[in-house]
Amino acid sequence: MNSDLLVELEPVVAANLERHLDAAKEWMPHEYVPWGEGRDFVDEPWEPDQSQLSPVAQTAFEVNLLTEDNLPSYHFEIASRFGRDGAWGTWVHQWTAEEGRHAMCMRDYLHVTRGVDPAQLERDRMAQMRTGYNAGAKTPAEVLAYVSFQELATRIAHRNTGRYTEEPTAERLLARVAADENLHMIFYRDLVRAALQISPDETVQAIAKEAMGFEMPGTGIRDFNRRAVQIAKAGIYDLRIHHDEVLHPLLRSWKLFEIDGLSAAAEQARESLTDFLTDLDAMASAIEEKQGLALAASR
């Protein structure tokens, strides 16, 4: 796959950008932060018992925020691949502007409500941004497939984190962020659908590769594996959610398993994806069973 795909997709990008701008609602980050709760950290240093959030809610909120923090790297990745001219360039900057609000208002909320240790949060932010994010040598089709999965996964993670906090202001804020992520997912999802029409063999292989090798861009966060386990055990984002609410909805939307006339390589990629989904479903079921037995034993 080469830059020809980007050229052929340009009219689709323009149409979807127009639709996105019509659907996107203007919102103000400052209106989602309870500023009246703010106090000076110099006069009153942070203490753990000041947070209204449970330890797991804090973990999930922090991971979501630190994932959003790498926006300069994300912008570089998509601008380098899609360009900064024409409809592609307009989208790149629109997406960046919208994403910039997320970390802004999430951090403001955590600071004002004293939801997490602000010093550790800043150290983790610095570490994340020093590391940056590198998507590797992906083709345009692979980038589009990856960001489709990633935007949907992020939407669900934000939405479920908000619900888990059981704090109305946090839930309202994260629901607003999740709504943005949903519109971004729709944009990329529809570009992948168009790419399947233009170059089905290479796009099917790209989808299979990205689905089977998917990792969230926050995997470099300090203690990410431990935090991910906590988030999964809480039901905020786990293998079952990833299988049922991220992979399957997009694959079904693209009608991936209904495409005819594929090359041998694309057909093999699709078969490998089928096996992967079967194994992932089995793994999710085994974890659910184990958790159910542990819960029953604790009663």
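The values are calculated or read from the model by the stated rules, or taken from the named source; none is laboratory data. Everything numeric in this text was worked out from a predicted model, so none of it was measured. Quick reminder, even Gly has a Cβ in these numbers, built from the backbone with ideal geometry, and neighbours come from all protein chains shown. Accessible surface areas use protein heavy atoms only, side chains included; no ligands, DNA or RNA. Shrake-Rupley method; radii C 1.70, N 1.55, O 1.52, S 1.80 Å.
Observations
- Here the range 47-92 is the region considered, the condition is being among the aromatic types (Phe, Trp, Tyr) and modelled with pLDDT under 95, and the residue that is surrounded by the fewest Cβ atoms within 10 Å (Cβ to Cβ) is Phe76.
- Residue within the range 137-147 that is assigned to a helix (DSSP H, G or I), open to solvent by 10 Å² or more (accessible area, probe 1.4 Å) and free of Cβ contacts under 8 Å to residues at least 40 places away in the same chain present: no
- Flag for Asp43 being over 16 Å from the mean Cα position of the chain (by Cα) and assigned to a helix (DSSP H, G or I): no
- The one condition from (1) of a type in the set (Val, Ile, Thr); (2) buried (at least 18 other Cβ atoms within 10 Å of the Cβ); (3) modelled with pLDDT of 95 or more that Ile198 does not meet is (2).
- Condition check for Val229: in contact with a Lys or Arg (Cβ under 8 Å, 6 or more places away or on another chain) and closer than 25 Å to Met283 by Cβ: no
- Look at the range 208-229: where a residue is closer than 23 Å to Arg189 by Cα and a partner is in a loop (DSSP other than H, G, I, E, B) and open to solvent by 40 Å² or more (accessible area, probe 1.4 Å), sitting 6+ places away or on another chain with Cβ atoms under 6 Å, you get Pro217/Tyr133.
- Complete set of residues in the range 31-46 that are in contact (Cβ under 8 Å) with a residue 24 or more places away in the chain and open to solvent by 100 Å² or more (accessible area, probe 1.4 Å): Trp35, Arg39
Rundown of residues vs (1) farther than 23 Å from Arg155 by Cβ; (2) in contact with a strand residue (DSSP E or B) (Cβ under 7 Å, 6 or more places away or on another chain); (3) in a helix (DSSP H, G or I), yes/no style:
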| position | (1), (2), (3) |
| --- | --- |
| Leu5 | yes, no, yes |
| Arg19 | no, no, yes |
| Gln52 | yes, no, no |
| Val63 | no, no, yes |
| Leu66 | no, no, yes |
| Ala79 | no, no, yes |
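- Scoring Gln128 on the criteria (1) open to solvent by less than 20 Å² (accessible area, probe 1.4 Å); (2) modelled with pLDDT under 95; (3) part of a loop (DSSP other than H, G, I, E, B) leaves a single failure, condition (3).
- The listed residue being in contact with a His (Cβ under 9 Å, 6 or more places away or on another chain), open to solvent by 50 Å² or more (accessible area, probe 1.4 Å) and either in contact (Cβ under 8 Å) with a residue 60 or more places away in the chain or on the phi < 0 side of the Ramachandran plot (or both), out of Arg193, Arg155, Arg163: Arg155
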